[in-house]
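Here is the structure we will look at, set down as structure tokens.
The values are calculated or read from the model by the stated rules, or taken from the named source; none is laboratory data. These figures come from a predicted structure and were not determined experimentally. All Cβ positions, glycine included, derive from the backbone under ideal geometry; neighbour counts span all protein chains shown. Just the protein is used for accessible areas: all its heavy atoms, side chains included, with ligands, DNA and RNA removed. Shrake-Rupley method; radii C 1.70, N 1.55, O 1.52, S 1.80 Å.
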Amino acid sequence: MEPHEEKPIIYTMENKPIVTCAGDQNLFTALYGSLTQQLPREPMEWRRSYGRAPKMIYLEANFVQFKEELLPKEGNKALLTFPFLHIYWTDCCDTEVYTASVQEDIQRWQAALRLHGSVDWLIAVVESDNKKKNKTNILPRTSIVDKIRNDFCNKQSDRCVSLCDPLKESSRSQESWSSFLMKLRTLLLMSFTRNLGRFEDDMRTLREKRTEPGWSFCDYFMVQEELAFVFEMLQQFEEALVQYDELDALFTQYVLNFGAGDGANWLGSFCQPVRSWNGLLLRRPIDMEKRDLIQRGEASLLDLRSYLFSRQCTLLIFLQRPWEVTARALELLHNCVQELRLLEVSVVSGALDCWVFLSCLEVLHRIEGCCDRSQLEANSSHTVGLWTYATEKLRSLGDLCGLVSENGPNSEDLNKTVDLLAGLGAERPETGNYDEITPYKKLKEALSSVEAFEKHYLVSVRSLGDPQSAENFLLDSLKSYVSESWSLPLTHTRKQIAECQKQLQKMDEYPSLITEHHETTSNARVALSMSSVTRLQELCCRPSSALVHVSAALLLELRLCSLMPVPVTLEHISASIHFTEEQPGSTAQKRAAQNPDGTVTFPAASPASASALELCEMLEHSPSDNTLSSAGLACRNMHLLMRRDDSATSLDTPNTALTALALEDGAQMLRASDVTLSPGNNSIIFTAPPGVYTLRQLCATLGRVQLVLPHLYPVVQYEVYSQEPQLSIQPLTVSHLVCVVVSEHLLAGLPQQVKFTILTGHYSVKKGDALQLSNTDSMPVLHSSTRSARILSSSAGQRTSALSIQSSEKVTSISLPVTPPYHTLEFLLDVLCHIPSCPARMESERLTNGQISHRTRSRTRFNSGMTLIDQKVSVDCPWSIYSTLVSLTFHVPFKVKHSLLSVGRRKFIQVCLQNVSDTNFRLTNQTLTENQHTPSLELLSLNTTTHSLVFRQQCVFSVWELRWSGVSPVSLHCEFSASFAPADAPDAALKPYRYDFTLERVSIRPAEGEQDCRTGALCRLEVSLTRLSEPSDSDEEYSDTDGLRTTRLLYEVIDNNSNWAVCGKSSGVVSMPVAAMATHKVHMEVMPLFAGHLPFPSIRLFKYLPHHASPVIPPDTDSCLENDSLSLDDQAETASLRSRGSVQSLGSGESAQPRGPMPKRQAFGPGQVFNGTQGQQVLVLPAADHHLMEVNVT
């Protein structure tokens, strides 16, 4: 069983670095006195890490007998009980004795050190001439030392030192002893520096873990205080004080964070109710009772603060800065009161007053005990605050316990007194060595009776100082007040100085002070509290909502009761208002707290007697999922409650004589002039300016007197808003035509109604005001003579007025009826958006440079399959000099596709019309015409009916047969047209619909003299390339040749299915003019390799980039390039023969020479090249067989 180890009591001034001594204890005892006296005589330079300045320190040591129990165990990092050096003492000079016992003893000693990881050791061999005389067979004097060094100090020979008769006074002995002391100091300082550095690193690591759960401030407090004890042990009191200041700052920051809502778990132990308030204890170097409470985690906030301050006080006295103790003490007492409120600690009423009173007297008596009279007088400015604070708390205790009342304390007061005295506990012995009565006895005696309380209270008041000292302090304060223009403290301080001079019989200085005070205040206004003259009753808003527009009138009726016995005429009465940075209408929720009739009732008590807070809630939401992450309260009038008094100004004058009634500087005001207040109830009317305002203060001026009400509570807020006119155009989902068509969108091609809504705002629509709409050919306005408009008002309902519409070639003028401000004007208008005949470009198309192209008016929405047409309407409003651009989106109800079909040698054109809207339509007169009017071409309709009913999301197919005589056309420009109307609409409602498209072809013709292509025979392939539209500037690279703007394209004919063999030119570069519908034909020869219906060879088209051109961004799907007309460039063409299964691409011939950088090709984007023969086939017959086959039939 391990022996019980008593916990040592730590007194820092007695602590010294521990050095263990093993070996010959008698020898060590003989040298102990000399070691302890001579070791600290010479200083050592202490160099520390992290760039800290070196210091000269005096090393002392506590030499103790070596025991294995003193060696540090694993995990024990305490420095005060850590042995920094281990010394083995021996005076052996006999080899036999050394071999028999000393050697084995040193081995055991070093084994124990190695087991505990101790590396700081020293072997001291003391040689005596007396022993040499007694030995006849001794070896030379260095033999034992050399043997020990060989046995134990192979790599550290300096760890074995020799002492020659250290107790003698010979020069040799003194030199040997001085060398030993220097070695001892060096080794001790090295060990101390190394172990202290390791301890500091562990402490920093522990501090960095303070954000982890389970971290305890009390545990960390004990670790850092250990470091402070070490510095104090080395008499480095400044460094020790820094450690306690860091602990003080760390704890204070955690308390402030707790008040802000970010609390640590370990703070819960400091939130326990205060059960003891016995004040500070500064007579002990260490208050071990409170330190044990901190170590066990059971200390209260007052325990921790008391212990921490007592340690700081001790160090400051060691540093001979006692006046700093008083300054720190006053700050500590005020901060502790605030921290108890932040942590919401339960405290018995009056307990804090007792703690503060005892602490103030304890600090004052401690300072008086370590300072002489001259020092106390020189630093009396630091002690006057403590005396004042103690006097205030004693007076507060007297009020609480009924000791200042006329009838004396009652039974309830006596119970409070008993509870307070119980919390003081028994008097501690350390506080009983005063020459006079102790603070404990003072307080206990003062609370015992009324007479004793009056006695001690008067003593405290007299302790504040004599008139001479008070005059000096007040004169210093007066200088600062004059320089900073503090009007109220300036006047008050002058009065106090005058009282002191009157007591000191300085009558020559007293009149000059009074004259100076009169000159200063002769031109100043006198500010008085309005609550002493009038009483604010209520404020009534008319209208009751406190929300009106500019043209309406918002009246604020202030009702107050005059306490004056006669009527008083005020020059003016002003209400200070504060502009609120909020959008109009956002204060409705705040005003909802007011009474429904618009009245705000003020409490009977004067609001000036207390600082009322204007609190508003603050909600923070997570940006990811918009969930509530935190909630809190914010004070909106913090600038009034937490600002310097000298910044407060009056409504009219730069200074005010009453700082407690501070008024906002530069505030806007509601003012009423020449107001007479009669005794009793009065009513004052204010007219409110535009904006969102909060009433802050009230001020009445009567000559040089200002009656000020610095704060209005509850909060009164009103809003007078001004709104600009607004115009909006919205589609109607119901079209009021011959039939009713219900649709979610505006449909192109049919008359549609749009709704014009005008919010007049502050503008008054006058007679003759009109809206000017710009006409466009693609969307005409269908006006009629009978149109009406509705005028709506939130208060007067609605009325109808006639609407006049006049239209010209470019402008449609709509005459507006007369409309008052803040009304709504609504009317309907019919518009018709023509459907373009060309197909729309897809939304996903992009230019080759990656940018979105400038769209035409129509586009396609893929989720619904409907093509959108954006129409821009420019509207000129009478209230603005600028035009308003309004966008209307129309939806094309149909989607049309065409295809070319083949049956043998017959060709058919199929047109598929799909109804992509939600409306059922009737379709008539479907026709297909050829725009070039080719005489040899005929389109024969195969449609059996001319009337079709197209339901929503359904398709109607129409087919025409294409017949021609002679050579088949290369391209066809066709137009599909039909008439459509809603399913139940009459014929008069039919509207035209057109769809233009072009058919391109790639044809393969047999050789001359042949009607069909045959395998093995050459056929002529004709490729027709057509540019459908002009490219944008960023699509391709242009070149000018003889004034013609062209682009270069590369084509290739490839047959990946090995059905054709391409003979002759299979690829080439062409220069094409930049013009829409430019067409070029390329002829080449191909040979079919199989019989049957073979697909056409693949034709690929690329952009041709010369070697000097940098490639542009790969194209996206927003280019309208297809193919171009061709002009062959023979230099870049190659002759190649495509045999079966082989493809030879663009390259140089046999005679080609190296030409430097090669040109590049760039592919078109998806959808930019249209292949008109995709999926078509050509009939190939087998070759004619002229061989004879003989068949014998038996």
- Computed from the beta carbon distance with a Förster radius of 41 Å, FRET efficiency for L563 and E406 to the nearest 0.05 stands at 0.90
- Leaving ligands, DNA and RNA out of it, work out the accessible area of E232 with a 1.4 Å probe and give it in Å² to the nearest 10. 0 Å²
- In nm, to one decimal, how far is the Q320 label point from the D202 one, both placed 7 Å along Cα→Cβ? 3.7 nm
- In whole percent, the Cα-Cα distances of region 27-73 spread across 10 Å bins from 0 upward as 21, 32, 33, 14, 1
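Assuming a ≥ b ≥ c are the square roots of the Cα gyration tensor eigenvalues, decide whether region 292-378 counts as rounded (a/c under 1.5), prolate (otherwise, with a/b larger than b/c) or oblate.
prolate
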- Query: If you stretched the chain out fully between K55 and Q910, how much longer would it get, using 0.36 nm times the residue separation minus the C-alpha to C-alpha distance?
  - Reply: 297.5 nm
- Item | region 347-372-region 234-260 distance, computed between alpha-carbon centres (Å) | 22 Å
- Query: Can you flag which of K290/K441; K907/K1065; K895/K1103; K907/K1081; K16/K55; K766/K872 are past 24 Å Cα-Cα?
  - Reply: K907/K1065; K895/K1103; K766/K872
- Message: Taking amide H atoms as placed 1.01 Å from N in the peptide plane, list the residues 5 or more away in sequence, or in a different chain, whose amide H sits under 5 Å from that of V765.
- Response: T819
- Message: What's the ranking of 936-944, 87-95 by average number of surrounding C-beta atoms within 10 Å, highest first?
- Response: 87-95, 936-944
- S178: net charge of surrounding residues, Cβ under 12 Å, Lys/Arg +1, Asp/Glu -1, itself excluded? +2
- Note on the structure: Simple spin-label estimate for H1083/N62, 7 Å along Cα→Cβ, in nm, reads 11.9 nm
- Message: How much length would be gained if the chain were fully extended between V818 and D625, taking 0.36 nm per residue of separation minus their Cα-Cα distance, in nm to one decimal?
- Response: 64.6 nm
- Provide the net charge surrounding C153, with neighbours chosen by a C-beta distance below 12 Å and charges set as Lys +1, Arg +1, Asp -1, Glu -1. +1
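Taking the Cβ of G214 as the centre, find all other residues whose Cβ is under 15 Å away and add up their charges (Lys, Arg: +1; Asp, Glu: -1).
Charge balance near G214 sits at 0.
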- Message: Given a Förster distance of 22 Å, report the FRET efficiency between W879 and L555 from their Cβ-Cβ distance, rounded to the nearest 0.05.
- Response: 0.20
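Starting from 0.36 nm per residue, how many nanometres of slack lie between R108 and F957 once their C-alpha separation is accounted for?
294.5 nm
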- Among the lysines, which have Cα under 18 Å from the Cα of K155 when same-chain residues fewer than 8 positions away are ignored? K147, K183
- Query: Once label points are set 7 Å from the Cα along Cα→Cβ at both T1015 and F1170, what is their separation, rounded to one decimal in nm?
  - Reply: 3.6 nm
- Here FRET efficiency (C-beta to C-beta, V903 to V811, R₀ 45 Å, nearest 0.05) is 0.20
- Note on the structure: By the mean-Cβ-within-10 Å protection proxy, highest first, 675-683, 318-326 rank as 318-326, 675-683
